[in-house]
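Every number in this text was worked out from the coordinates using simple rules, so none of it is lab data. Nothing here was measured: the structure is a model prediction, and the numbers come from that model. A quick note on method: Cβ atoms are made from the backbone with ideal geometry, for glycine too, and the neighbour counts reach across all protein chains shown.
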Amino acid sequence: MPSPARPRDVVRFVRELDRRLERLDRAILEADWAQQTGRSTQGTEPWQLKRAKLLSDERLLRWVRAALRRSWPFLLQRRLELLERVLLDTQVEQHPDVVRLRSRLQKQIVAFRPRWKGRRVGRAVRMKVLRESPSEPDRRKAYYALEPLHRPLESRLRELVELRNERARSLGYRSMSEMRHGFDGLSTARVTEFADSAAELARGRLRALRESFEEATGGSGWHPWDFLYARRRQAPLPDRWFPRDEMLPRILAAVAQWGFRSDRMHFRVVFHDTPFGGLTLAPDPPRDVRILVHPEGGWNPYMIMFHEVGHAVHSSLIRAPPHLLRWSENVPGFGAFHEGIGAFFEAIPNSVEWLTAQPGVDRARVEEFARLARDSDLLWSAWNAVWVRSEELLYARPERDPMPEVERLQRRVFGYESSRPLSFVDPFFVESPIYGSNYLLASLFASHLTRTLRELYGDPLWPNRRVGPWLSRNWFAPGSTIDWVPHLKEVTGRPFGIAAFREQFAAL
């Protein structure tokens, strides 16, 4: 390694390291894509281990920190800052012991298919039952359908969490949770405070949802497997109004009405069963961006696709130099920002303007749906708050089962009756640790964007051709050259927090 006191040597070394890192990151995403789409069972482990070998030398982290004590031109300074984050995260999540254990768990999760009605089915079947089935026994069965996968993985997930914590402590952090939140400029306590506040804000709406459900079902009980169905049954929209073969053209046409240039929105879409609602990968943004979603139609899959298209549009409009400076999708400290962009795009399928413009719909029904959808972010934030707490508890005390406390939180916030707790295992906890909090923070961030754009351009938010250029200029084009929390204050004049979220739902 060159001396961090010699500028030309530092520039050459950082550029070469960045190029080597880019090749490995692309290979990892290619392997992940192949596994997720069923084209390969190899997974990302071989490439993860090569990446770890490149970045795990402790002298490299000391060198970067020594270089950061000097003053550099902005883009080089920023590369060094991002490189420090990547090195820290690599020494935890790409440590060989973590990679090997995580890869074994991932292969089991990706290969699993739940049993339903005597046969193996895709995960989308289970979610469809939870959302749409009027049969309480079927919903309950679907709720527990992943337990044969999750229960046997508990001890190994605990082992994985302990390994991550141990690696984070060796770098001076109390836990991996503290390290990951620190990349966003937040603390675990602050994120927990946001989660508790969002859950409390939603309690009144959740109580009303429970009362509506019990009135409709004759007071037959209120359990976790009832939530998705209760929400949907208030104003269900027939799947035939949202056919799968028209999904992508309809969504791209809608996004274009935000003023995004269609000639710059280049990404590939694949329909395939996945453990997640949807997935967007960008092996080489802005040129190579890909979306993976379940092969089904209906409003909910449309909403998921809007979210994923939001990610893809973002990645396809990045104009920062390579590699770390434009690859924010996978740089630590950007997860909540990315999910916030996806959440912001969900405003389109929830809007009365878009719904009533769809062919063949019943206007009165979609207007009622849009009216009820105004509190969607509030209810989903309560859902995410419970999810966040379960993972935070797991990292705080890996030896304890977090579910008894999670169940108490669910009963207090959602008002559920007692039921057998689920396993604490979740595919996200394996694949993307401390990622659930990003969805909670994303709702808060999307509220900031919504408030600012309404102040600038008024209503309706969609269609409005000034929205896209504003997002592109302030948030998409810069890539990783900005950190989203301080940049939010620069752009909006207000600090990141729950205030805009609270204002958004104050009148409901």
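Using the Cα atoms as the points, what is the convex hull volume per residue of the stretch 46-108 in Å³? Don't skip to the answer; put the middle values down first.
Values: hull volume 4.8 nm³, N = 63.
Cα convex hull per residue, to the nearest whole number: 77 Å³.
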- Per Stokes-Einstein, at 37 °C and 0.692 mPa s, what whole-number D in µm² s⁻¹ belongs to the stretch 431-508, with the Kirkwood radius over Cα pairs as the hydrodynamic radius? 239 µm²/s
- Query: Around residue 116, which amide H atoms from residues at least 5 apart in sequence, or from another chain, sit under 5 Å from its own amide H, with H modelled in the peptide plane?
  - Reply: 121
- Query: Which ³J(HN,Hα) values, rounded to whole Hz and listed in residue order, are derived for the stretch 416-422 from phi using the Karplus coefficients 6.51, -1.76 and 1.60 in 6.51 cos²θ - 1.76 cosθ + 1.60 with θ = phi - 60°, glycine and proline given as x?
  - Reply: 5, 7, 5, 8, 5, x, 6
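As a check on your grasp of the helix formula, calculate [θ] at 222 nm for the chain: sum -39500 (n - 2.57) over DSSP H runs of n ≥ 4, divide by the residue count, round to the nearest 500.
On the way: 24 runs with 308 residues, N = 508.
Using -39500 (n - 2.57) per qualifying helix, the result is -19000 deg cm²/dmol.
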- Message: Once the convex hull of the alpha carbons of the stretch 236-318 is built, what does its volume come to per residue, in cubic angstrom?
- Response: 89 Å³
- Task: Grab the other residues whose beta carbon is less than 11 angstrom from that of residue 434, score K and R as +1, D and E as -1, and report the net.
- Result: -4
- Task: Place a +1 charge on the Cβ of each Lys and Arg in the stretch 7-111 and a -1 charge on the Cβ of each Asp and Glu, then give the dipole magnitude about the Cα centre in debye, rounded to the nearest 20.
- Result: 280 debye
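Treat every Asp and Glu Cβ in the chain as -1 and every Lys and Arg Cβ as +1, leave all other atoms uncharged, and give the resulting dipole magnitude about the Cα centre to the nearest 20 debye. Please list the in-between numbers first.
On the way: 81 positive and 64 negative charges, 224 e Å.
Roughly 1080 debye for the chain.
Quick check on the stretch 7-111: what are the equivalent-ellipsoid semi-axes from the Cα gyration tensor, as sqrt(5λ), descending, whole Å?
On the way: eigenvalues 191, 40, 19 Å².
Over the Cα atoms of the stretch 7-111, the semi-axes work out to 31, 14, 10 Å.
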- Message: I'd like the antiparallel share, as a percent to the nearest 5, of DSSP beta bridges with both residues in the chain.
- Response: 65 percent
- Query: Let a ≥ b ≥ c be the square roots of the eigenvalues of the Cα gyration tensor of the stretch 300-355; is it rounded (a/c under 1.5), or, if not, prolate (a/b larger than b/c) or oblate?
  - Reply: prolate
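So if I place +1 on the C-beta of Lys and Arg and -1 on the C-beta of Asp and Glu, and nothing else carries charge, what would the dipole magnitude of the stretch 97-248 be about its Cα centre? I want it in debye, nearest 20.
On the way: 34 positive and 21 negative charges, 167 e Å.
Value, rounded to 20: 800 debye.
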- Going by how many other beta carbons lie within 10 Å of each one, how would you line up 403, 247, fewest first? 403, 247
- Item | Euclidean distance between Cα centres, the stretch 471-496 to the stretch 173-231, Å | 27 Å
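Please rank 28, 498, fewest neighbouring Cβ atoms within 10 Å first, as an exposure proxy. Could the numbers behind the result be given before it?
On the way: 28 22, 498 16.
Fewest to most other Cβ atoms nearby, the residues stand as 498, 28.
What is the chain's relative contact order, in percent, from Cα pairs under 8 angstrom and six or more apart in sequence? Present the calculation step by step, with values, prior to reporting the outcome.
Numbers: 694 pairs, mean separation 93.0, N = 508.
So the answer I get is 18 percent.
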- Query: Once the dipole of the stretch 7-111 is set up with Lys and Arg at +1 and Asp and Glu at -1 on Cβ about the Cα centre, which of 29, 48, 68 lies farthest towards its positive end?
  - Reply: 68
- Message: What's the ranking of 69-79, 363-373, 154-164 by average number of surrounding C-beta atoms within 10 Å, highest first?
- Response: 154-164, 363-373, 69-79
- Message: Strictly greater than 21 Å: what percent of every Cα pair in the stretch 93-237 meets that?
- Response: 63 percent
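When the Kirkwood radius is taken over all Cα pairs of the chain, what Stokes-Einstein diffusion coefficient follows at 37 °C and 0.692 mPa s, in µm²/s? Each step should come with its number before you reach the end.
Details: Rh = 23.8 Å.
Rounded, D is 138 µm²/s.
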